[in-house]
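A quick write-up on the structure given underneath.
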Amino acid sequence: MSVSQICMILLMCTLLLPSSKAASGSRSILRAIGDENKSPPDFAVELNVTNFDTVLRDTPASFAVVEFFAHWCPACRNYKPHYEKVARLFNGPDAVHPGIVLMTRVDCALKANSKLCDKFSVSHYPMLFWGPSSKFVSGGWEPKEAKSEISLIDDGRTAERLLNWINKQLGSSYGLDDEKFENENLSSNISDPGQIARAVYDVEEATSTAFEIIFQLKMVKLETRASLIKFLQLLVAHHPSKRCRKGSAEVLVNFDELCPPGILRTSKEEHADNSKGILMNYPICGKEVPRGYWMFCRGSRNDTRGFSCGLWVLFHSLSVQIEDGESQFIFTSICEFIHNFFICEECRQHFYRMCSSVSHPLNSSREFALWLWNTHNKVNERLMKEESSLGTGDPKFPKIIWPPKQLCSTCYRSRSRRGSGLSQIDWDEDEVYKFLTTYYGKTLTSLYKDKGSVEKEVTDGALEELVASTNAVVVPVGAALAIAFASCAFGALACYWRSQQKSRKPRRKPELDS
């Protein structure tokens with residue numbers, strides 16, 4: 001046996017000695033090594049020829065910086081830390097100034113990106129461009145082009161110089177040391193009614209977050225499965241985001257594969273590991289658009305607004321887009337969704353008590369929209385008192401009775417009695433419903449329509465693309481029946497499902513708890 005082999009055996013024996021201190025020390029050493037080798041997260045969004053147009057068209061950011069680089073280029077590697085210092089201010093869930101500038105990178109060393117880099121006349125690395133996000137879509141740049149809205153950044157070789165260049169374009173004074181929610185001039189929702197248009201991104205964020213929570217916490221049980229299907233049906237037909245409608249349809253038509261009833265347990269049984277049956281990180285609202293932006297729903301503190309605000313906006317948006325015949329369906333769908341899948345216990349119970357207090361069916365869309373509006377105000381009224389006494393509210397966005405007079409003066413009758421409580425206000429419900437329809441309907445989606453993102457409904461090419469890309473389409477019987485009645489938007493999906501069922505072998509009907 002050689003000396004090297006003997007040394008190796010002795011070393012292995014030393015490492016395997018049953019000493020807790022040694023074991024603990026080894027783990028500490030491994031953790032330390034791992035921490036040292038762990039690279040910091042990238043904030044700049046990596047683009048390529050396939051997602052370039054999609055990301056830049058659909059980003060909530062008004063402007064974009066695109067860096068063209070090559071991964072083998074030493075200067076590019078050295079420049080990356082500078083670029084990332086600036087990118088962390090604008091990109092990602094912890095962005096200091098979200099929704100203003102999208103920082104992106106394109107690797108021109110990849111052959112697939114060569115034509116894209118040629119369109120921008122990339123002549124050296126790194127090469128940076130600035131412009132309105134939408135102008136990069138299907139666009140390009142020529143050195144001698146005089147009127148292009150895309151500009152070459154000629155003074156951005158350090159983080160300080162790049163941020164100074166951006167500040168000059170925006171008329172801002174951002175700093176590399178800015179921290180989240182500090183020195184942020186948040187716009188008031190009350191002073192500018194058009195602010196709600198920016199909430200379309202928050203609705204996407206809230207939808208994605210809700211399903212991430214449901215899947216990660218394995219909240220789908222045998223008794224809650226049907227309620228999730230109903231809520232998905234609602235999203236397919238009426239979600240204000242085309243991306244979310246399409247993603248919800250993909251989940252729905254593949255629901256048996258994503259969430260097989262055979263692997264589910266009841267809530268009283270032992271916890272089942274159903275992670276294999278559900279795509280844990282399924283991008284229900286699209287995978288190309290960077291997440292982490294709260295626009296309309298951004299609070300002045302890190303722990304306020306955000307997800308709960310986005311969820312309320314989603315519900316109000318759904319309430320004003322339905323037909324009269326769907327009002328009771330949407331009522332039960334939202335009530336069951338909150339009852340089964342909202343994890344704030346006190347909020348969940350309070351909301352469901354209000355659902356249970358409804359003694360008669362809601363027979364019109366107006367009736368449901370006003371019920372939801374009144375319910376939201378009752379929640380706000382409860383939270384106003386709690387946050388006031390505990391000092392936990394957002395100082396810039398305190399809970400208020402909605403809508404305020406600044407947004408809808410006609411919602412308040414002239415003989416309105418004074419008082420801040422909901423029960424003390426004499427509402428003109430016709431005006432309230434008119435306001436809700438405009439505010440959460442047309443105005444909410446106006447930004448999308450301006451950017452051309454809502455050009456077709458889900459019954460058009462999006463659904464054709466969807467069904468063409470799915471191999472096995474299995475919609476549960478309960479889902480198919482509800483789809484048939486939910487709205488016109490479900491017609492194509494239901495017909496496709498029926499045609500698929502005719503060509504499939506008979507299978508045992510899944511049992512759905514209602």
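Things worth noting here:
- Residue in the stretch 95-113 that is among the charged types (D, E, K, R), farther than 23 Å from residue 41 by Cα and open to solvent by 10 Å² or more (accessible area, probe 1.4 Å) present: yes
Matching residues to (1) open to solvent by 20 Å² or more (accessible area, probe 1.4 Å); (2) at pLDDT below 70; (3) in a helix (DSSP H, G or I); (4) closer than 30 Å to residue 442 by Cβ:
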position	(1), (2), (3), (4)
220	no, no, no, no
230	yes, no, yes, yes
236	no, no, yes, yes
252	no, no, yes, yes
265	yes, yes, no, no
268	yes, yes, no, no
276	yes, yes, no, no
279	yes, yes, no, no
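- Only listed residue being at pLDDT 50 or above, touching a strand residue (DSSP E or B) at 6+ places or on another chain (Cβ under 8 Å) and either more than 16 Å from residue 127 (Cβ to Cβ) or of a type in the set (Ser, Thr, Tyr) (or both), chosen from 37, 48: 48
So that you can scan it fast, the table gives a plain yes or no per residue for (1) of a type in the set (A, V, I, L, M); (2) outside any helix (DSSP H, G or I); (3) open to solvent by 20 Å² or more (accessible area, probe 1.4 Å):
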residue: 55; (1), (2), (3): yes, no, no
residue: 61; (1), (2), (3): yes, yes, no
residue: 65; (1), (2), (3): yes, yes, no
residue: 75; (1), (2), (3): yes, no, yes
residue: 82; (1), (2), (3): no, no, yes
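- Subset tally (residues that are among the charged types (D, E, K, R) and touching a helix residue (DSSP H, G or I) at 6+ places or on another chain (Cβ under 9 Å)) for the stretch 355-393: 5
- From the list 296, 329, 337, 315, the one residue that fits, being open to solvent by 40 Å² or more (accessible area, probe 1.4 Å) and either at pLDDT 70 or above or assigned to a strand (DSSP E or B) (or both), is 329.
- Evaluated against (1) surrounded by fewer than 21 Cβ atoms within 10 Å (Cβ to Cβ); (2) assigned to a loop (DSSP other than H, G, I, E, B); (3) without any contact (Cβ under 8 Å) to a residue 40 or more places away in the chain, residue 156 falls short on exactly one condition, (1).
Conditions tested, residue by residue: (1) hydrophobic (A, V, I, L, M, F, W, C); (2) under 27 Å from the mean Cα position of the chain (by Cα).
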| position | (1), (2) |
| --- | --- |
| 144 | no, no |
| 167 | no, no |
| 170 | yes, yes |
| 178 | no, yes |
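- When the residues of the stretch 340-384 are filtered to those that are open to solvent by 50 Å² or more (accessible area, probe 1.4 Å) and in a loop (DSSP other than H, G, I, E, B), the one that is nearest to residue 208 (Cα to Cα) is 343.
The values are calculated or read from the model by the stated rules, or taken from the named source; none is laboratory data. Since the structure is predicted, the reported quantities are computational estimates derived from the model, not experimental observations. Cβ sites come from the backbone with ideal geometry, for glycine too, and all protein chains shown count toward neighbours. Ligands, DNA and RNA are excluded from the accessible area calculation, which covers all protein heavy atoms including side chains. Shrake-Rupley method; radii C 1.70, N 1.55, O 1.52, S 1.80 Å.
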